[in-house]
Amino acid sequence: MALSPIMLTAWAVAEIPGLEIDGYRDTSNDDCDRALCRTHDDRVISITSPLTAEFAALQDSEHRVGQLLSAGVRDRLPFAVPHTLAAGTIGKRRVVVTEDARGTALTAIKDPRGALPSLATALASIHNLPTSIVTRNVIPQFNSLDCLRDAAGLIDRAHQTTKVPSALLDRWDAAVEDAGMWQFSPTITHGAMDFDAVLVDELGVSGIVNWSSARVGDPAEDLFKVMGRIAHTTADEFAAAYLEARPSHDPRLIHRARFLSEIDVARWLVFGVDSNDESIVAEGVGMLTAILAAVTDNPALDLGAPKKAPSTIVYPEDVPPLPVSAAPVHLEDVETEAMTAPMRPVAEASGDVEPEKPTTEPL
């Protein structure tokens with residue numbers, strides 16, 4: 001049974017005391033029935049009922065984060081975030097009412113550089129939230145060793161493709177082996193800091209949306225999503241603004257963000273190899289070649305790893321060297337059962353999620 005906008009808005013008005021809707025727009029799609037509404041007090045709400053298991057899972061994740069970012073927590077943030085106003089069912093269909101953040105997506109701004117200082121402050125405010133607000137299983141939690149292992153595993157997989165320049169593999173291996181790089185305290189992170197997730201108005205960042213990937217982890221993962229798509233000089237300015245808003249005991253944060261931005265391209269290459277997509281492989285190789293050209297003999301883009309001692313040993317002429325392998329070695333509640341009302345049958349989710357293509361063209 002399809003749920004029309006009239007049915008959705010009538011349910012919301014009946015469920016939420018004092019809610020008055022002045023108008024609505026049908027924004028349904030193949031994943032959900034949805035009405036986008038403007039309220040009498042000039043708020044924007046969405047009333048949504050999922051049609052697929054994938055969208056229901058996404059809605060669950062967003063709901064858990066919405067519970068995490070309670071009213072008291074939201075008061076610490078200089079921007080709005082979506083949050084759940086009501087949840088229930090119509091028949092056997094679940095329905096969720098969400099108050100949305102308002103603004104224009106940063107991707108729609110012709111020159112988004114003016115919003116970057118505000119975005120730096122916004123990210124700093126997320127990373128400043130105390131991790132003590134996270135109760136078990138609300139969002140995933142990763143420590144620094146987990147992050148190191150993930151990076152090492154990706155580099156090892158990239159090496160197996162034989163398509164990554166050896167100089168980049170050496171650079172990345174040195175970063176993985178650099179203990180100082182990985183001495184950081186995990187923070188709450190957004191986890192999917194694409195410019196589509198950032199809403200702006202004339203004053204700067206007005207809202208941040210798409211919280212389904214939120215986690216406790218490496219703050220550099222949020223930073224690299226921004227720094228990886230802007231010119232190096234602009235990235236330096238962005239990093240300075242972030243560090244001013246969040247003085248950190250993590251001196252290698254920017255190095256790590258730069259490193260994660262680079263290996264994110266390797267992730268795209270590996271995906272292309274695993275899916276036998278030659279166009280993605282060619283894109284990945286091209287982007288890695290551009291990275292190598294940019295970082296070669298460029299101290300400004302150094303990853304800060306200590307210089308390795310020379311590995312060449314000079315033997316006396318009468319003593320032959322020991323044999324060595326020709327192959328280099330590379331490292332490798334509120335717990336929510338969110339709105340578990342039964343839904344109509346849907347097809348099972350299909351396999352792995354495609355990674356987002358890295359952006360290498362500077363603003």
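At a glance:
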read-out: Selection from 53, 32, 79, by position along the positive dipole direction of segment 26-80 (Cβ); value: 79
read-out: Whole-number Å³ per residue for the convex hull built on Cα positions in segment 104-301; value: 134
read-out: Added length on full extension, which subtracts the Cα-Cα distance from 0.36 nm per residue, residue 76 to residue 292; value: 73.7 nm
read-out: Histogram of C-alpha separations across segment 54-100, 5 Å bin width, %; value: 5, 19, 28, 24, 12, 7, 3, 1
read-out: Equivalent ellipsoid semi-axes, segment 182-230, via Cα gyration tensor eigenvalues times 5, rooted, Å; value: 21, 13, 10
read-out: Segment 104-301 - charge dipole about Cα centre, Lys and Arg +1 at Cβ, Asp and Glu -1, debye rounded to 20; value: 320
read-out: Packing-based ranking, highest mean first, of 126-134, 44-52, 90-98, 27-35 given that Cβ atoms within 10 Å are counted; value: 44-52, 90-98, 27-35, 126-134
read-out: Residues of segment 254-270 with amide N under 16 Å of the 7 Å Cα→Cβ point at residue 301; value: 255-266
read-out: Net charge dipole size for the chain [Lys, Arg +1 and Asp, Glu -1 on Cβ; Debye, nearest 20]; value: 560
read-out: Count, lysine Cα pairs under 27 Å in the chain, 8 or more residues apart or across chains; value: 7
read-out: Extension gain, residue 104 back to residue 38 (0.36 nm per residue minus Cα-Cα distance, nm); value: 22.1 nm
read-out: In segment 200-295, the GluC sites (Glu not before Pro) that fall in loop regions by DSSP, at most 11 other Cβ within 10 Å; value: 202
read-out: FRET efficiency, residue 30 to residue 131 (Cβ-Cβ, R0 25 Å, nearest 0.05); value: 0.10
read-out: For the chain, the spread of Cα positions along each principal axis, largest first, Å; value: 93, 45, 39
read-out: Pairwise FRET efficiency - residue 282 versus residue 22, Cβ, R0 = 35 Å, nearest 0.05; value: 0.10
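Rule-based calculations on the coordinates, nothing more; no lab input. Bear in mind the structure is a predicted one, so any value in this text is a computation, not a measurement. No Cβ is skipped: glycine too gets one built from the backbone with ideal geometry, and neighbour counts run over all protein chains shown.
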